[in-house]
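Written below as structure tokens is the structure these notes are about.
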Amino acid sequence: MVRETRLCADNLVQPLFVCPGRGVSRPVASMPGVAQRSVDNVVVEAREIAAAGVPAVILFGIPERKDPQGSEAWNDDAEVQRAIREIKERVPRLTVITDVCLCEYTDHGHCGVVAGGDVDNDATLELLVREALSHARAGADIVAPSDMMDGRVGAIRGALDQSGFARVAIMAYSAKFASAFYGPFRDAAESAPKFGDRRSYQMDPPNGDEAMREVALDIEEGADIVMVKPALAYLDLIWRVKHEFNVPVAAYNVSGEYSMLRAAGLNGWIEEDRAIKEVLTSIRRAGADLILTYFAKELAAHL
Ligand code: PBG
């Protein structure tokens, strides 16, 4: 009766990796329990996710081909766009969020176009806009830019509004840190940078005040939901964002956080079910409204 924080399926978002082909379900070695799935299998999975009570999925694409610009990202017939259409048709109660970024689609693996050995912020904005519009045309409910270019939320909001998608919401990866905890995701999404790192656009882990400025800018530019990512090493920032801005806050319990718990659980070193609940409860207690987590479907079934 006096419990202050409750974990509930309503707050969870399940990430899914969409790959080419039919009948494909390819396990990701560094993320036991997670697979790359072709569109047909994504739909089967989406049905189970909805049945478990999880209200939303976030889709990541693994394209057939990559190029310097990441042009598959705005191909209306690519995997993610087809998955959006199929899910909205067959599992209409599921909210479909799409990750808007170029790193899965570029041959160099960076989140923007590369010029002179570095990512060109402003040249990237137009490409992100194309990607977001393509997702909106396919029927996405929420687009989630994860690239960390400056000005992308405003650019995407303006383009959506002008193109008749005023009702498509934006969940901005606002305080996204250059973290060691994305390693397993880069296996899953095949998106590791081929040279250098993401430190010129993702944030420096020690910087909390800067995170507040990033969040303030994204809200000003039109973000409906702001995100802190990763979650566990940044619980203080989830708390600060919630209390300073009082807007919907999402936290991404990222791949590395998932794999650590899974590995320890599979080895019998911790009681996995309890540890998962404890960790996700801490993210809620810190102030997150939404949690993006690879545990979503499994956890919802227990709740
Ligand atoms: C794309 C993106 C990444 C994640 C979400 N969107 C990887 C990155 O920035 O390298 C990480 C998610 C996870 O680790 O679970 N930019």
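The values are calculated or read from the model by the stated rules, or taken from the named source; none is laboratory data. Predicted, not measured: the structure shown is a model, and the values here were computed from it. Reconstructed Cβ throughout: ideal geometry from the backbone, glycine too, with neighbour counts over all protein chains shown. For accessibility, only protein heavy atoms count, side chains too; no ligands or nucleic acids. Shrake-Rupley method; radii C 1.70, N 1.55, O 1.52, S 1.80 Å.
Give the shape of the chain as rounded, prolate or oblate, defined through the alpha-carbon gyration tensor: a ≥ b ≥ c are the square roots of its eigenvalues, a/c under 1.5 means rounded, and otherwise the shape is prolate if a/b is larger than b/c and oblate if not. In terms of gyration-tensor shape, rounded. Per residue, the convex hull spanned by the Cα atoms of segment 189-303 measures out at 142 cubic angstrom.
So what is the relative contact order for the chain, in percent, with contacts set as C-alpha pairs under 8 Å and at least six apart? Computed over the chain, the figure is 20 percent. Surface exposure of the chain, expressed per residue as accessible area with a 1.4 Å probe, stands at 42 Å².
So what is the relative contact order of segment 243-303, in percent, for Cα pairs below 8 Å that sit 6 or more residues apart? Normalised by residue count, the contact order of segment 243-303 is 50 percent. Among the listed pairs Lys66/Lys229; Lys176/Lys277; Lys229/Lys277; Lys88/Lys229, those whose Cα-Cα separation exceeds 21 Å are Lys66/Lys229; Lys176/Lys277; Lys88/Lys229. Across segment 121-217, the relative contact order, built from alpha-carbon pairs under 8 Å that are at least six residues apart, equals 27 percent. Fully extending the segment from Ile270 to Arg93, taken as 0.36 nm per residue of separation minus the present Cα-Cα distance, adds 60.2 nm.
Here the convex hull built on the C-alpha positions of segment 1-144 has a volume of 143 cubic angstrom per residue. A simple count of charges around Ile142, restricted to other residues whose Cβ falls under 12 Å of its Cβ and scoring Lys, Arg +1 and Asp, Glu -1, yields -2. Distant-in-sequence amide contacts of Ile270, defined by a placed amide H-H separation under 5 Å and a gap of 5 or more residues or a different chain, comprise Gly265.
Eigenvalues of the alpha-carbon gyration tensor of segment 86-241, scaled by 5 and square-rooted, set the equivalent ellipsoid semi-axes at 23, 19, 16 angstrom, largest first. Please report the carbon-and-sulfur percent of the accessible area for segment 49-127; probe 1.4 Å, protein heavy atoms only, DNA, RNA and ligands left out. About 44 percent, which is the carbon plus sulfur part of the accessible surface. Sparse packing (at most 15 other Cβ atoms within 10 Å of the Cβ) combined with a DSSP loop state is found for the following chymotrypsin sites (Phe, Trp or Tyr not before Pro) in segment 166-263: Phe195. Per-residue ellipticity at 222 nm computed for the chain from its helices equals -12000 deg cm²/dmol, with DSSP H segments shorter than 4 residues left out and the rest contributing -39,500 (n - 2.57).
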